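The values are calculated or read from the model by the stated rules, or taken from the named source; none is laboratory data. For clarity, every value in this text was computed on a predicted model and none was experimentally measured. Every residue, glycine as well, gets a Cβ built from its backbone with ideal geometry; the counts of neighbours run over all protein chains shown.
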Amino acid sequence: MKKVFLSLLFMVILLGVSTSAHAVLIDWTDWTTSDSTNGFTAYGTMTTATTTVSVTYNNPLGVGFYQPTGGIDYWTDGAKYSAFRNPAISPYTSTFVDNIPTGTDIIALNKAGLQTLTFSEAIANPVFAFVSLNGNGYGFDQDFEILSVGGVDGNNCGYWGCGTSNKSIVGDEYQLLGTGEPHGALRFTGEFDTLTWRSLTNEYWNGFTVGVEGTAEEIRNENNTVPEPASMLLFGTGLVGAVLRRRRK
């Protein structure tokens with residue numbers, strides 16, 4: 001009887017652990033074109049499990065440069081003279097993010113001021129990857145969680161080196177700040193069709209790209225079909241109780 005109980009309890013605990021937070025493949029933006037609409041506007045797409053989401057980035061003050069194809073791969077880890085890609089120690093992967101931004105696509109910033117990302121449909125849990133934040137900082141209109149930083153927690157440095165990153169809340173603005181040469185990724189939790197942030201200083205250059213866990217509809221459907229950890233634990237506990245009652249009878 002004791003062995004049965006312990007075996008079932010172990011299964012319940014394992015079930016709870018296995019359904020907790022885990023790394024997922026992020027659908028990174030494939031930046032494709034741009035124009036001079038209202039300063040600078042870039043266009044791209046994200047291919048999710050069921051659809052293609054259009055992404056529009058606008059910066060009325062312009063950007064440092066735009067790299068939609070080819071060029072230097074700034075998403076590597078390690079020094080620029082010995083750069084490589086290793087998801088196990090990348091500044092851009094973590095317990096939530098499984099894959100490094102694909103390709104060499106990047107938007108490099110150099111002006112203080114507001115900018116906006118717009119998605120053609122609501123997306124879930126967007127991930128924002130940044131390169132060489134250096135003396136700059138970003139002030140977002142949404143709260144976020146820093147997922148990974150180069151040179152921290154066993155991660156390799158980024159293309160331009162290592163640094164630290166931290167979050168500071170100033171009024172209704174959530175600021176990403178740092179020292180040295182921060183390279184890393186952060187996540188916004190929830191559903192969004194736009195993201196707005198402010199570059200805090202003029203600094204040439206700091207770059208970014210964005211990806212998502214999926215569309216809002218995809219993640220809602222996934223959560224409806226896969227029980228939450230707490231629900232699974234309750235189910236498992238009930239199962240243990242049922243077995244014990246049957247055993248006593």
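Here is how the numbers come out for the structure above:
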read-out: Subset of the range 26-68 that is without any contact (Cβ under 8 Å) to a residue 24 or more places away in the chain and in a loop (DSSP other than H, G, I, E, B) - its residue that is surrounded by the fewest Cβ atoms within 10 Å (Cβ to Cβ); value: Ser36
read-out: Residue check, Asp153 among the charged types (D, E, K, R) and at pLDDT 95 or above; value: no
read-out: Filter result (closer than 18 Å to Arg187 by Cα, outside any strand (DSSP E or B) and either touching a helix residue (DSSP H, G or I) at 6+ places or on another chain (Cβ under 7 Å) or modelled with pLDDT under 95 (or both)) within the range 99-124; value: Thr102
read-out: Residues of the range 95-116 satisfying the condition of being buried (at least 22 other Cβ atoms within 10 Å of the Cβ) and within 24 Å of Thr47 (Cβ to Cβ); value: Val97, Pro101, Asp105, Ile106, Ile107, Gln115
read-out: Single residue of Ala129, Ala108, Ala112, Ala122 found to be hydrophobic (A, V, I, L, M, F, W, C) and out of contact with any Phe, Trp or Tyr (no Cβ under 8 Å at 6 or more places or on another chain); value: Ala112
read-out: Search result, residues across the range 74-98 that are assigned to a loop (DSSP other than H, G, I, E, B) and either free of Cβ contacts under 8 Å to residues at least 60 places away in the same chain or small (Gly, Ala, Ser) (or both); value: Gly78, Ala79, Tyr81, Ser82, Ala83, Arg85, Pro87, Ala88, Ser90, Ser94
read-out: Scan of the range 1-25 for residues that are assigned to a loop (DSSP other than H, G, I, E, B), of a type outside the set (Gly, Ala, Ser) and modelled with pLDDT of 50 or more, ordered by number; value: Met1, His22, Leu25
read-out: Members of the range 139-172 found to be among the aliphatic types (A, V, I, L, M) and assigned to a strand (DSSP E or B), listed by number; value: Ile146, Leu147, Val149, Ile169, Val170
read-out: Identity of the residue in the range 173-197, out of contact with any Gly (no Cβ under 9 Å at 6 or more places or on another chain), in a strand (DSSP E or B) and not aliphatic (A, V, I, L, M), that ends up nearest to Val131 (Cα to Cα); value: Arg187
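Yes/no per residue for (1) surrounded by 15 or more Cβ atoms within 10 Å (Cβ to Cβ); (2) at pLDDT below 95; (3) over 15 Å from the mean Cα position of the chain (by Cα):
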site	(1), (2), (3)
Val149	yes, no, no
Gly158	yes, no, yes
His183	yes, no, no
Asn206	yes, no, yes
Glu217	yes, no, yes
Met232	yes, yes, yes
